[in-house]
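Undergrad: Below is the structure I would like to discuss, written out as structure tokens.
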Amino acid sequence: MEDTIEKIRAFIFEHFLFDADADALVNDASFLEQGIIDSTGILELVDWLEETFAISVEDEELIPENLDSVVKVAAYIERKQST
């Protein structure tokens, strides 16, 4: 799971936090509450998840419990890949 977390962090920094330092993203901080990702950014994240991890994100899975922090996204990917 640590590798997955690092991939997610790298994506977030590359696409949303650009020049921020590593401390700008706490793994369990809410993307939405922290203003890191907006609703359009979530769609970009979903596209990347589907391509990178070979999963399919269903419409009903587009909820904060699955996609609103690095830790939640990593856990979601783990669940998807184990089924």
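Each value in this text was obtained by applying a stated rule to the coordinates, not by laboratory testing. If you're wondering where the values come from, they're calculated on a predicted model, not measured in any experiment. Neighbour counts are summed over all protein chains in view; Cβ atoms, including those assigned to glycine, are modelled from backbone coordinates with ideal geometry.
Undergrad: Would you mind stating whether residue 17 is over 19 Å from residue 1 (Cβ atoms), surrounded by 13 or more Cβ atoms within 10 Å (Cβ to Cβ), in contact (Cβ under 8 Å) with a residue 12 or more places away in the chain and more than 12 Å from the chain's Cα centre (by Cα)?
TA: yes
Undergrad: On to the next question. Please count how many residues of region 1-24 are among the aliphatic types (A, V, I, L, M) and more than 18 Å from residue 66 (Cβ to Cβ).
TA: The qualifying residues number 5.
Undergrad: Given the criteria more than 17 Å from residue 72 (Cβ to Cβ), surrounded by fewer than 16 Cβ atoms within 10 Å (Cβ to Cβ), without any contact (Cβ under 8 Å) to a residue 60 or more places away in the chain and not aromatic (Phe, Trp, Tyr), does residue 51 qualify?
TA: Criteria met by residue 51.
Undergrad: If I go through region 70-83 residue by residue, how many of them are surrounded by 19 or more Cβ atoms within 10 Å (Cβ to Cβ) and over 14 Å from residue 1 (Cα atoms)?
TA: Within region 70-83, residues that are surrounded by 19 or more Cβ atoms within 10 Å (Cβ to Cβ) and over 14 Å from residue 1 (Cα atoms) number 0.
Undergrad: Here's a follow-up. Of everything in region 61-76, what is among the aliphatic types (A, V, I, L, M) and over 9 Å from the mean Cα position of the chain (by Cα)? Give them in sequence order.
TA: Across region 61-76, the qualifying residues are 62, 63, 75.
Undergrad: Testing residue 3 on (1) surrounded by fewer than 14 Cβ atoms within 10 Å (Cβ to Cβ); (2) outside any helix (DSSP H, G or I), one condition comes back false. Which one is that?
TA: (2)
Undergrad: Still on this model: Going through 58, 6, 51 one at a time, which residue ends up being within 11 Å of the chain's Cα centre (by Cα) and either at positive phi or of a type in the set (Asp, Glu) (or both)?
TA: Only one candidate qualifies: 6.
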